[in-house]
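Colleague: Take a look at the following structure, please.
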Amino acid sequence: MSVPRFASLVSRSRGAAAPALRNAARSFSTTNAIRSAGSIPSLHTFTEEEVMLREAVAKFATEVVGPKVREMDENEMMDRFVIDGLFQQGLMGIETPAELNGSGTSFTAAILTVEELAKVDPSVSVMCDVQNTLVNTVFTKYANAAQKEKYLPKLATDTIGCFCLSEAGSGSDAFALQTKAEKQGDYYILSGTKMWITNSYEAGIFLVFANVDPSKGYKGITCFIVEKDMGVEIAKKEKKLGIRASSTCALSFDDIKVPASNVLGQIGQGYKYAIEILNEGRIGIAAQMLGLAQGAFDLAVPYTFDRKQFGQAIGDFQGMQHQYAQIAVEIEAARLLTYNAARMKEQGKSFVKEAAMAKLYASQVAERAASKAVEWMGGVAFTRDLLAEKFYRDCKIGAIYEGTSNIQLQTIAKILKTQYAK
Amino acid sequence: MAHRILVPVKRVIDYAVKIRVAGGKIDTNVKHSMNPFDEIAIEEAVRLKEAKKAAEVVTVTVGSTKSQETLRTALAMGADRALHVEIPESAEVQPLEVAKILKAIVAKESPSIVLLGKQAIDDDAGQTGQMLAGLLDWPQATFASKVELNDSVLTVTREVDGGLETVKTTLPAILTADLRLNQPRYATLPNIMKAKKKPIEKLSPADLGVDVTPRIKVLEVSEPPKRSAGKTVGSVDELIDKLKNEAGVI
């Protein structure tokens with residue numbers, strides 16, 4: 001590629017840089033001009049089954065999940081009927097191959113599913129997201145054939161899984177985890193506690209990251225497949241600000257026995273799997289936040305055209321017009337970041353920066369959109385009679401889990417440095 | 001008893017869309033989906049197949065290339081194969097012409113039952129099933145809210161103005177589905193993926209020897225008058241006066 005040749009020119013005066021960059025762009029375009037103008041479709045292009053799936057999920061979300069949203073939030077409990085519905089619709093094994101009882105569809109199909117569910121209930125959306133983009137993907141990428149055959153069908157048909165990495169003393173600094181795994185014959189004895197684990201109240205399969213050799217630091221971290229009846233205990237179910245129907249628990253492993261055959265992947269490579277998986281999971285959370293933003297917007301804006309004050313619909317006041325137009329722009333931008341990251345992953349391109357950008361931005365947009373939605377709807381949106389206040393509470397987690405916003409910024413900055421520093 | 005059920009489906013403007021009239025025409029640049037009564041028909045046919053009362057469910061539509069998505073939805077709900085009688089997007093077909101096409105399809109496919117939705121939500125004609133029965137000289141059981149098939153005898157509960165009516169008919173027969181017949185299933189993702197592999201056969205009205213030129217001309221399309229606020233009246237005399245002189249209804 002031509003850019004390195006011009007790099008030294010770029011670092012000189014701006015005047016000299018401009019023609020150099022223009023030349024660089026020209027040589028880029030000749031090598032990439034595989035298609036003619038007008039033949040590359042927009043990011044709003046989907047396969048037939050992605051379109052059909054989106055419509056089916058939207059219908060399911062509105063008709064099956066919709067009526068239960070408020071109740072599940074008040075009870076802080078996911079309704080069993082909704083969970084069964086997710087499994088029956090084939091939404092818990094979206095990318096799992098059909099031979100393993102999955103739906104054998106694309107990553108973007110999973111992203112669209114998470115988005116559509118989040119428009120109605122971000123709690124249900126995150127349950128589906130963790131199952132598909134974290135748990136299933138860990139098995140698909142790193143498990144051996146026997147483990148895939150044993151666990152993927154269960155995860156696709158009736159068993160919820162969860163991803164157990166964080167602890168009281170290790171969140172962003174994940175590698176500082178303390179849970180230990182001591183080899184004893186054909187077993188590992190796991191001891192320790194995990195915190196903030198999504199889905200853990202309902203889960204039957206737990207992917208637990210534990211250290212087999214603390215003297216090696218993070219290079220001892222290993223991923224274990226742990227089943228509920230091996231002795232996993234729910235130490236505490238958290239009462240939360242938002243996504244209350246999604247269970248978030250502290251777990252404890254009190255010297256439980258896990259067969260050595262349940263080591264997933266290589267011993268000491270767990271840290272690598274965790275990092276790689278979270279990169280993909282980020283796109284899932286971006287989709288959840290995107291759906292949340294859109295759901296809040298779709299709830300509030302029609303109201304502004306119904307509500308009349310001072311003789312006109314409040315949505316027609318210029319002040320309001322400017323606000324919802326701005327939010328619509330930001331939602332569209334978050335959407336394009338999310339879809340683009342998903343497509344890049346599908347194409348096998350490096351997507352770490354794009355995934356971090358999508359998650360960072362979508363969670364920020366979700367917060368702004370949900371906050372504005374409450375304002376636009378006014379007093380009634382401040383009550384629990386409407387779901388606007390729920391979207392506002394639910395959005396905050398977006399900036400925190402699966403990598404805080406500061407971590408996303410750091411990830412992006414590190415990549416930028418490799419691109420810009422000499 | 002290898003019964004084949006033929007289920008015609010129609011792509012219509014989605015029931016949730018607010019219909020707008022622009023320049024004397026309905027704005028069709030909006031979301032479309034399968035006619036809800038046709039979804040109910042597909043669901044009933046698939047249930048009969050699952051109960052082993054029927055061997056095959058074939059779906060058919062008369063429409064432009066966009067109608068293919070409606071066929072895929074029917075396949076995803078459980079239909080086995082589809083027929084697409086393609087017409088240009090600018091063309092329209094009316095109930096009698098559709099009935100004639102279906103008569104030709106019936107000759108080709110030999111179904112025991114043709115199960116249609118009772119009406120389409122765009123034209124609300126409610127005629128196609130009945131006209132088809134007339135053209136084929138087959139018995140018909142319309143507005144079905146319950147269907148039982150036993151030994152080639154159909155027992156159908158119909159919703160009529162006065163209540164419910166139960167009729168028995170031999171096969172072959174025409175059925176039209178009413179709202180309370182069933183609750184259509186959601187297309188699950190595995191079924192959406194399986195639907196990709198199911199065949200869609202393409203035909204044209206000419207292949208079937210049918211002239212689809214419309215015989216009914218639409219003269220005008222307009223929105224219903226906007227609802228105005230009600231008025232309270234002080235006495236019965238005032239009410240009569242207003243009904244006579246203002247509303248002009250007595």
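The values are calculated or read from the model by the stated rules, or taken from the named source; none is laboratory data. Because the structure is a prediction, the values reported are computed rather than measured. So basically every Cβ, Gly included, is an ideal-geometry build from the backbone, and we count neighbours across all protein chains shown. Ligands, DNA and RNA are stripped out before the accessible areas are found, and what is left, the full protein with its side chains, is counted by its heavy atoms. Shrake-Rupley method; radii C 1.70, N 1.55, O 1.52, S 1.80 Å.
Colleague: Report, by residue number, each residue of region A:160-206 that is touching an Asp or Glu at 6+ places or on another chain (Cβ under 9 Å) and assigned to a loop (DSSP other than H, G, I, E, B).
Modeller: A:ILE160, A:LEU177, A:GLN178, A:THR179, A:GLY204 - these are the residues of region A:160-206 that are touching an Asp or Glu at 6+ places or on another chain (Cβ under 9 Å) and assigned to a loop (DSSP other than H, G, I, E, B).
Colleague: Suppose we filter region A:64-102 for residues that are within 14 Å of chain B (Cβ to nearest Cβ), closer than 20 Å to A:GLU116 by Cβ and of a type in the set (Asp, Glu); how many remain?
Modeller: Within region A:64-102, residues that are within 14 Å of chain B (Cβ to nearest Cβ), closer than 20 Å to A:GLU116 by Cβ and of a type in the set (Asp, Glu) number 2.
Colleague: Filter region B:190-227 for residues that are within 14 Å of chain A (Cβ to nearest Cβ) and either outside any strand (DSSP E or B) or open to solvent by 50 Å² or more (accessible area, probe 1.4 Å) (or both) and give the result.
Modeller: Residues satisfying the conditions are B:PRO190, B:ASN191, B:ILE192, B:MET193, B:LYS194, B:ALA195, B:LYS196, B:LYS197, B:LYS198.
Colleague: Also, I was wondering about something else. Determine whether region B:67-79 contains at least one residue that is under 17 Å from B:VAL12 (Cα atoms), open to solvent by less than 20 Å² (accessible area, probe 1.4 Å) and more than 14 Å from every other protein chain (Cβ to nearest Cβ).
Modeller: no
Colleague: Would you please name the residue that is nearest to the chain's Cα centre (by Cα), looking only at residues in region A:339-360 that are crowded, with 17+ Cβ neighbours inside 10 Å and without any contact (Cβ under 8 Å) to a residue 40 or more places away in the chain?
Modeller: It comes out as A:GLU354.
Colleague: Can you find a residue that is out of contact with any Ser or Thr (no Cβ under 7 Å at 6 or more places or on another chain), farther than 30 Å from A:GLY185 by Cβ and basic (Lys, Arg) anywhere in region A:301-311?
Modeller: Yes: one or more hits.
Colleague: Looking only at residues that are over 17 Å from the mean Cα position of the chain (by Cα) and without any contact (Cβ under 8 Å) to a residue 40 or more places away in the chain in region A:376-399, which one is surrounded by the fewest Cβ atoms within 10 Å (Cβ to Cβ)?
Modeller: Per the stated criteria, the residue is A:GLY379.
Colleague: Kindly provide the set of residues from region B:155-187 that are within 14 Å of chain A (Cβ to nearest Cβ) and open to solvent by 20 Å² or more (accessible area, probe 1.4 Å), ordered by number.
Modeller: Listed by number, the residues that qualify are B:GLN183, B:PRO184, B:ARG185, B:TYR186.
Colleague: Say whether the condition of being under 13 Å from the mean Cα position of the chain (by Cα), more than 22 Å from B:GLN130 (Cα to Cα), open to solvent by 10 Å² or more (accessible area, probe 1.4 Å) and among the β-branched types (Val, Ile, Thr) is met by at least one residue in region B:24-40.
Modeller: No - not one qualifying residue is present in region B:24-40.
Colleague: For region B:1-36, give me each residue that is touching a Pro at 6+ places or on another chain (Cβ under 8 Å) and among the β-branched types (Val, Ile, Thr).
Modeller: B:ILE5
Colleague: While we're here: Just one of (1) within 14 Å of another protein chain (Cβ to nearest Cβ); (2) without any contact (Cβ under 8 Å) to a residue 60 or more places away in the chain trips up A:THR113, so point out which.
Modeller: (2)
Colleague: Looking at A:VAL124, A:VAL51, which is the one that is within 21 Å of the chain's Cα centre (by Cα), away from chain B (no Cβ under 14 Å) and under 21 Å from B:ALA187 (Cβ atoms)?
Modeller: Being within 21 Å of the chain's Cα centre (by Cα), away from chain B (no Cβ under 14 Å) and under 21 Å from B:ALA187 (Cβ atoms) holds for just one of A:VAL124, A:VAL51, which is A:VAL124.
Colleague: If you don't mind, another one. Return the pairs, sorted by first residue and then second, in which the second residue is open to solvent by 10 Å² or more (accessible area, probe 1.4 Å) and assigned to a helix (DSSP H, G or I), the first residue lies in region A:199-222 and is more than 19 Å from A:PHE175 (Cβ to Cβ), the beta carbons are less than 8 Å apart, and the residues are 6+ apart or on different chains.
Modeller: These pairs meet every condition: A:ALA203/A:LYS228; A:GLY204/A:LYS154; A:GLY204/A:LYS228; A:ILE205/A:LYS154; A:ILE205/A:LYS228; A:PHE206/A:LYS228.
Colleague: Could you give me the residue pairs with C-beta distances under 6 Å whose first residue belongs to region B:100-123 and is of a type outside the set (Phe, Trp, Tyr), whose second residue is open to solvent by 60 Å² or more (accessible area, probe 1.4 Å) and part of a helix (DSSP H, G or I) wherever it lies, and which are 6+ apart or on separate chains?
Modeller: B:LYS103/B:LEU135
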